[in-house]
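Student: Structure in structure tokens, see below.
The values are calculated or read from the model by the stated rules, or taken from the named source; none is laboratory data. Just so you know, these numbers come straight off a predicted model, no measurement behind them. For neighbour counting, all protein chains shown are included, and Cβ atoms are generated from backbone atoms with ideal geometry for every residue, glycine included.
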Amino acid sequence: GIEVSSLMKETGMVTLDPGFTNTASTTSAITYIDGEAGVLRYRGYPIEQLAEHSSFLEVSYLLIYGELPTADQLTAFTSRVQRHTLLHEDLKRFFDGFPRDAHPMPVLSSAVSALSTFYQDSLSPFDETQVELSTIRLLAKLPTIAAYAHKKSIGQPLLYPDNRLGLVENFLRLSFGLPAEDYEVDPVMVKALDQLFILHADHEQNCSTSTVRLVGSGQANLFASVSAGIHALSGPLHGGANSAVLEMLGDIRKSDDDVDTFMTRVKNKEKGVRLMGFGHRVYKNYDPRAAIIKKTADEILQKLGKRDELLDIAMRLEEIALNDEYFISRKLYPNVDFYTGLIYKAMGFPTKMFTVLFALGRLPGWIAQWREMMEDPQTKIGRPRQVYTGVPERDYVPVPDRG
Ligand code: ACO
């Protein structure tokens with residue numbers, strides 16, 4: 001450990017805040033969170049109201065442009081996005097280059113990165129028309145890319161988008177449809193996925209959004225910044241938690257462990273054993289997104305006719321945790337991803353795709369935050385300081401003279 005007094009002397013005014021638990025990196029007018037009260041609002045609108053009444057594209061518009069769209073604005077926005085869903089034929093070939101069992105997250109990130117090679121006409125961070133064009137291109141093409149990553153992994157042919165369909169319908173058809181069959185879009189599934197995307201759409205300065213901003217602060221283009229954000233999202237302590245939850249539930253079911261034995265291992269802090277889908281850096285009461293999902297998870301699973309025994313394990317884990325001193329004293333509650341995996345599974349997505357679905361939902365937030373930063377005259381390149389703890393100074397020793 002470093003003595004605080006010597007740290008002050010060494011660093012002058014530099015503050016040390018590992019993990020940024022107390023340091024704001026920016027001002028922002030997009031998303032408001034009150035972690036103690038369990039409040040989440042996009043542009044002032046409570047998440048509960050948006051989840052119930054709004055749609056994902058409408059919420060995307062709200063996050064990016066600051067206001068809910070009028071009917072005309074929403075129609076124009078929707079049709080612009082619809083017209084950009086195709087991928088360049090050469091970009092489609094990229095999917096052949098990855099191993100068949102590739103994880104779809106790095107495939108997604110690589111394809112987004114590659115967009116900057118295809119759309120060199122929309123890379124300037126300061127030209128309004130170009131930023132607008134890359135915004136629409138990303139919103140339209142990410143679902144196509146995500147569906148293709150999935151199709152490749154199961155060895156099925158890639159379909160072309162059908163632009164008569166809405167964004168979520170299109171994505172479901174591209175993911176599950178086959179060329180020889182008509183794909184019947186299930187409205188229950190569309191509504192559920194649309195709502196999940198809304199709940200994931202922004203969450204202020206989380207790890208991936210901070211990454212998007214940091215990369216963008218060096219004036220890298222929107223595709224490059226979002227590609228970096230996708231990588232940041234992939235880790236199991238962030239977006240990767242949604243697949244980790246399902247793996248955990250599956251392991252509990254497969255192993256001889258019962259739920260209580262597993263919880264004892266969590267509380268003993270066995271290496272690598274955490275109750276995945278629990279805990280949050282900001283929410284210390286409950287995660288309002290989890291509350292909405294919990295309400296709908298059971299209902300959706302019933303409607304899809306996919307009541308899952310893993311849901312029972314999840315509910316049992318939650319019940320134990322909410323009454324256990326270990327979790328209560330550390331203010332650990334279910335987060336957004338405790339229940340999402342069960343819904344994604346019921347829809348037919350493999351576990352590897354779960355974090356990709358999170359990325360689809362989070363995209364408008366990344367874009368909105370990147371644009372807000374670019375428009376802010378106060379923006380500077382992100383460049384944190386450090387507290388050096390290495391050897392102070394020493395003289396070079398030639399190779400033959402070293403120990
Ligand atoms: N299971 C068991 N113990 C936990 C858990 C958990 N899920 N989360 C935190 N703790 C314990 C820690 O061991 C620590 O205990 P200690 O005080 O005895 O040392 C205490 O609670 C505080 O935890 P930190 O890791 O310091 O909290 P931090 O704010 O850094 O981490 C995080 C937040 C990463 C979300 C953490 O709770 C976690 O790892 N959760 C599981 C992974 C997960 O679900 N991530 C998704 C986050 S939401 C999202 O990205 C959508």
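Student: Taking the residues in the stretch 255-273 that are assigned to a helix (DSSP H, G or I) and among the basic types (Lys, Arg) as candidates, determine which candidate is farthest from the ligand (Cβ to nearest atom).
Tutor: Arg265
Student: Here's another thing I want to ask about it. For the stretch 322-350, which residues satisfy the criterion of being touching a helix residue (DSSP H, G or I) at 6+ places or on another chain (Cβ under 6 Å), among the hydroxyl-bearing types (Ser, Thr, Tyr) and within 12 Å of the ligand (Cβ to nearest atom)?
Tutor: Those that are touching a helix residue (DSSP H, G or I) at 6+ places or on another chain (Cβ under 6 Å), among the hydroxyl-bearing types (Ser, Thr, Tyr) and within 12 Å of the ligand (Cβ to nearest atom): Tyr326, Tyr339, Thr340.
Student: Does Gly361 count as of a type in the set (Gly, Ala, Ser) and within 12 Å of the ligand (Cβ to nearest atom)?
Tutor: Numbers: of a type in the set (Gly, Ala, Ser): yes; within 12 Å of the ligand (Cβ to nearest atom): yes.
Against the criterion (of a type in the set (Gly, Ala, Ser) and within 12 Å of the ligand (Cβ to nearest atom)), Gly361 qualifies.
Student: Starting from the stretch 313-326, take each residue that is within 13 Å of Gly277 (Cα to Cα) and of a type in the set (D, E, K, R) and list its partners that are more than 13 Å from the ligand (Cβ to nearest atom) and part of a helix (DSSP H, G or I), counting only C-beta distances under 9 angstrom and pairs at least six apart or across chains.
Tutor: Qualifying pairs under 9 Å: Glu318/Lys294.
Student: Is it the case that the stretch 91-100 has a residue that's more than 21 Å from Gln156 (Cα to Cα), out of contact with any Ser or Thr (no Cβ under 7 Å at 6 or more places or on another chain) and not in a helix (DSSP H, G or I)?
Tutor: no
Student: Filter the stretch 26-46 down to residues that are part of a loop (DSSP other than H, G, I, E, B) and modelled with pLDDT of 95 or more, then give me how many there are. Let's see the steps before the verdict.
Tutor: From the stretch 26-46, those part of a loop (DSSP other than H, G, I, E, B) are 26-30, 35-38, 43-44; that's our starting set.
Filter once more, keeping what is modelled with pLDDT of 95 or more: 26-30, 43-44.
The number of residues fulfilling the criteria is 7.
Student: Determine which single condition Tyr283 fails, assuming it passes every other condition in (1) more than 16 Å from the ligand (Cβ to nearest atom); (2) at pLDDT 90 or above.
Tutor: With respect to (1) more than 16 Å from the ligand (Cβ to nearest atom); (2) at pLDDT 90 or above, Tyr283 is out only on (1).
Student: Quick one: what pairs do we get from the stretch 97-114, first residue buried (at least 17 other Cβ atoms within 10 Å of the Cβ), second in a loop (DSSP other than H, G, I, E, B), C-beta under 6 Å, 6+ apart or different chains?
Tutor: Matching pairs, first to second residue: Met105/Ser234; Val107/Phe98.
Student: Moving on. Answer with yes or no whether Ile252 is surrounded by 14 or more Cβ atoms within 10 Å (Cβ to Cβ), out of contact with any strand residue (DSSP E or B) (no Cβ under 8 Å at 6 or more places or on another chain) and farther than 22 Å from Asp194 by Cα. Reasoning before the result, please.
Tutor: Details: surrounded by 14 or more Cβ atoms within 10 Å (Cβ to Cβ): yes; out of contact with any strand residue (DSSP E or B) (no Cβ under 8 Å at 6 or more places or on another chain): yes; farther than 22 Å from Asp194 by Cα: yes.
Yes; evaluated as a whole, the condition is true for this residue.
Student: Which residue pairs have Cβ atoms under 6 Å apart, sit 6 or more places apart or on different chains, and have a first residue in the stretch 253-276 that is within 22 Å of Asn335 (Cβ to Cβ) and a second that is hydroxyl-bearing (Ser, Thr, Tyr)?
Tutor: From residues that are within 22 Å of Asn335 (Cβ to Cβ), the pairs are Lys267/Tyr326.
Listed here are the residues, each with its yes/no results for (1) at positive phi; (2) surrounded by fewer than 21 Cβ atoms within 10 Å (Cβ to Cβ); (3) hydrophobic (A, V, I, L, M, F, W, C).
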{"residue": "Asn170", "(1), (2), (3)": "no, no, no"}
{"residue": "Gly177", "(1), (2), (3)": "no, yes, no"}
{"residue": "Pro187", "(1), (2), (3)": "no, yes, no"}
{"residue": "Cys207", "(1), (2), (3)": "no, yes, yes"}
{"residue": "Arg213", "(1), (2), (3)": "no, no, no"}
{"residue": "Leu222", "(1), (2), (3)": "no, no, yes"}
{"residue": "Ser225", "(1), (2), (3)": "no, no, no"}
{"residue": "Leu233", "(1), (2), (3)": "no, no, yes"}
